[in-house]
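Here, each number is a calculation from the coordinates, and none is a lab measurement. What you are looking at is a predicted structure, and each value in this text was computed from that prediction instead of being measured. Virtual Cβ from ideal backbone geometry, glycine too; neighbours counted across all protein chains shown.
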Amino acid sequence: MHSTLIQMTLVMVSGIVWRVFKPLGLDAEETRKVLTTVVYYYFLPAMIVEVLCNAEIGVQSLQYTVLGVASTLFAILCIWTLGTFLKFEHRCLGAVILAAAFPNVTYLGLPVLEQTFGTWARSVVIQLDLFAIAPLLFTLGIVIVRHYGRDTSANRQSVWSFLNVPPFWAAGIAVAINLNHFTLPMWLSGSLKLLSAAVIPLMLFSLGLALRWEAVKLRNIPYILPIVIIKMILMPLFAMTLADPFIIAAKYKAAIVLDLAMPSMVLGIVLCDRYQLDSSLYAMAVTITTALSLITLPLWHQIVMTRF
């Protein structure tokens, strides 16, 4: 696990170095936007089709969904209760809820779990993301950020329109192929595998570009501490307890809990910017939780391997 995290860290550090030196004058935010867009709209859908076409989809997938949704709702309830009690400012509370409840299950979870458990873990990550975390983010998550922020765009999108994106199309196509037992031709499966190989390094590099150490400010510590406690301790602990009676193999339980122990997702920065939440606070949460994950993830790995 430590060796895996060292490898992941080196790739992320290259993104941080890019942010500092700006080769050819390319700004980190512009570079990240281009890379994440290409990954999200092209390379990731290719990986989704490749993985889900051959994945085991059924009752097991439903259990992934229940674990992911229940754990996220638990975290939302915890941070909302605490933030309301402490009277967090609305734009801060919206950012804090996003940071505490929605883990980086794909951009960091995918490379970490694949390197730790093997290629079978890709199916777990993708199903957890597309069947639980992402749908919840683009429905309840959007409702939350609209409530605590402001939507200044000229054309207000419906909540359901956020689900009309290539990864969900790819998942629908892949599930249909899987359930109908259709075998992809060799040339197509080979092409998908080639495209899939680009996902992990580009994700990690983009994550490094997103880490903004200048956003780390002492005044945000009272907001960051609850995020760290809920996101990196209570949420995976709840998921591990909830997973005990589930009738899935121990290795899948371990992978799910470890994925839910990931730091705050990067996509939340985009939502904070769009809905005028506290983007600086959210960026600090991503940076701090990602740095702390180098310590907490090996600990959670040991715990889940012992528990399951």
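In a DSSP loop and with at most 16 other Cβ atoms within 10 Å, the trypsin sites (Lys or Arg not before Pro) in region 14-92 are 87. Shown here for region 206-308: trypsin sites (Lys or Arg not before Pro) in loop regions (DSSP other than H, G, I, E, B) with at most 10 other Cβ atoms within 10 Å, of which there are none.
Only Lys, Arg, Asp and Glu carry charge here, each on its Cβ (+1 for the first two, -1 for the last two); on that basis the chain has a dipole of about 420 debye about its Cα centre. P(r) for the chain, from all Cα pairs and a bin width of 20 Å, is 34, 60, 6 %, short bins first. Cross-link partners of residue 33 among lysines, defined as those whose alpha carbon lies under 25 angstrom from its own and excluding same-chain residues fewer than eight positions apart: 22, 193, 217. Normalised radius of gyration (Cα atoms, divided by 2.2 N^0.38 Å) for region 156-297: 1.31.
Taking a straight line from the alpha carbon of residue 253, these lysines sit under 24 Å away, with near neighbours fewer than eight places off in the same chain left out: 231.
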